[in-house]
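Here the structure comes first, spelled out in structure tokens, and everything after it is commentary.
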Amino acid sequence: MLLLKIKQMVVEYGEKIVKEGLVVATWGNISAREEGEDIFVITPSGMNYMTLEPEDIVTVDINGKQVCPGRKPSVETPLHAAIYRARPDVGAIIHTHSTNASACAAARVDIPCIMEDLASMVGGPVKVAEYALTGTEKLAENAVKALENRNAVLLANHGVVSVGRNLEEAFKISLLVEKGAEIFLKSRILGGPVSLDEEEVKYLREFYIKSYGQK
């Protein structure tokens, strides 16, 4: 029953990323898992987010192998699997092609940590992973390397990947990265962005984790 609930949430967030303009048509992908589990669920390859049903969401293991019969999983399943293997703290991953963040990915320019909300939720700059072809293990390897312990990474000439403890957090990070990319691009017109220093980023991240919201 819990797995079905997670699949239902993936369907809901698929609709959200379309409505927020984070993806176009069938591009991008979403996955989620229960804490501590070595399986996860992921959106199917090439299907319309607005018509997805929970039974369309695919179950795979931590190595990206499909464990139940059903739809063909996203071509980016190796990317999601690699992040889950590297980051036990991650419970959800959202890969989008939002315009401003993708512009930075196309230019292969990091999004600096110029806003407090990026520091709080991403934990630092959004770095660009070295280019590799879609769906390859090399793309997955490069993304994990550039992601490190932060919560977002740009895929060169491709898009952005946001991770979180759950789908709500990963979705919020997707929105913040796109907003941060837009602010970064506009601030360059005004003379150049000023990044927060490492100690400021560390303080804001720790405050968010330990004190922000209703505990």
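Could you identify the single residue in V144, V160, V177 that is open to solvent by less than 50 Å² (accessible area, probe 1.4 Å), more than 15 Å from N100 (Cβ to Cβ) and touching a helix residue (DSSP H, G or I) at 6+ places or on another chain (Cβ under 7 Å)?
V144
Which of the numbered conditions does K16 fail, given that it passes all the others? Conditions: (1) closer than 30 Å to S187 by Cβ; (2) at pLDDT below 95; (3) of a type outside the set (S, T, N, Q).
K16 satisfies every listed condition except (2).
Scanning the range 49-83 for residues that are over 21 Å from V161 (Cβ atoms) and touching a Gly at 6+ places or on another chain (Cβ under 9 Å), which turns out least open to solvent (accessible area, probe 1.4 Å)?
By that ranking, first place goes to D56.
For the range 14-25, which residues satisfy the criterion of being out of contact with any Ser or Thr (no Cβ under 8 Å at 6 or more places or on another chain) and either free of Cβ contacts under 8 Å to residues at least 60 places away in the same chain or buried (at least 21 other Cβ atoms within 10 Å of the Cβ) (or both)?
E15, V18, K19, A25
Which of the residues belonging to the range 9-26 are more than 13 Å from the chain's Cα centre (by Cα), assigned to a loop (DSSP other than H, G, I, E, B) and not polar (S, T, N, Q)?
E20, G21, V24, A25
For the range 161-215, give me the residue count where each residue is among the hydroxyl-bearing types (S, T, Y), part of a helix (DSSP H, G or I) and in contact (Cβ under 8 Å) with a residue 12 or more places away in the chain.
3
Quickly run through the range 27-48 and pick out the residues that are more than 16 Å from the chain's Cα centre (by Cα), open to solvent by 50 Å² or more (accessible area, probe 1.4 Å) and closer than 16 Å to H97 by Cα.
Scanning the range 27-48 gives G46, N48.
State yes or no: is E200 open to solvent by less than 40 Å² (accessible area, probe 1.4 Å), over 26 Å from P88 (Cβ atoms) and acidic (D, E)?
So E200 does not fit the description; no.
The values are calculated or read from the model by the stated rules, or taken from the named source; none is laboratory data. Here the structure is a predicted model, which means the values were calculated and not measured. Heads up, the Cβs are rebuilt from the backbone with ideal geometry, glycines too, and the neighbour counts pull from every protein chain shown. Protein only, heavy atoms only, side chains kept; ligands, DNA and RNA dropped before computing areas. Shrake-Rupley method; radii C 1.70, N 1.55, O 1.52, S 1.80 Å.
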